Structures are given as C-alpha cells and as structure tokens.
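Before any comments, here is the structure.
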Amino acid sequence: MSVEPANWTAAEREAFHARRASRNRALGILLFTLVALFFGITLVRMAGQVKNAPDVAVPAKP
C-alpha cells in the first residue's frame, strides 16, 4: 500500500474503508457504553437522594 491515497488500488481503498468502519464501530460502542454508564450512575445517585428524603414536608419557621 502506497502512502498517497490517490495511488491506491481499489482493493487497498476497500481495505482502508473496512478498517476505518471497524474503528468507527468500536469507538461508537465505547462512547455509547460510557454514556449508559454515566446515566446509570446518575440514576442510582438520584434514587439514593430521594430514598433518604423525609416523607413529609418540613414546615417553614415563622
């Protein structure tokens, strides 16, 4: 494979695009996993705050 993309054969170009698509899929899966992890952590933290909240509203002091 030559360094210049303009000089690539059809097979080299196809192999390059396949590798790039594979890397893009892996990166997409990684990003989705991180977003899901952070979302899950946020939900767990918020559920813990609601769980520890008082059952009745505290009256305001006059």
(request) Write out, first by first residue and then by second, each pair whose Cβ atoms fall under 8 Å of each other, whose residues are 6+ apart or on separate chains, and whose first residue, in the stretch 1-18, is in a helix (DSSP H, G or I) while the second is modelled with pLDDT of 90 or more and surrounded by 10 or more Cβ atoms within 10 Å (Cβ to Cβ). (result) P5/R13; P5/F16
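Residues checked against (1) at pLDDT below 95; (2) loosely packed, with under 10 Cβ neighbours inside 10 Å:
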site	(1), (2)
S22	no, no
R25	no, no
G28	no, no
V35	no, no
T42	yes, no
Q49	yes, yes
P59	yes, yes
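The values are calculated or read from the model by the stated rules, or taken from the named source; none is laboratory data. These numbers come from a predicted model, not from an experiment. Note that we place each Cβ from the backbone using ideal geometry, even for glycine, and neighbour counts take in every protein chain shown.
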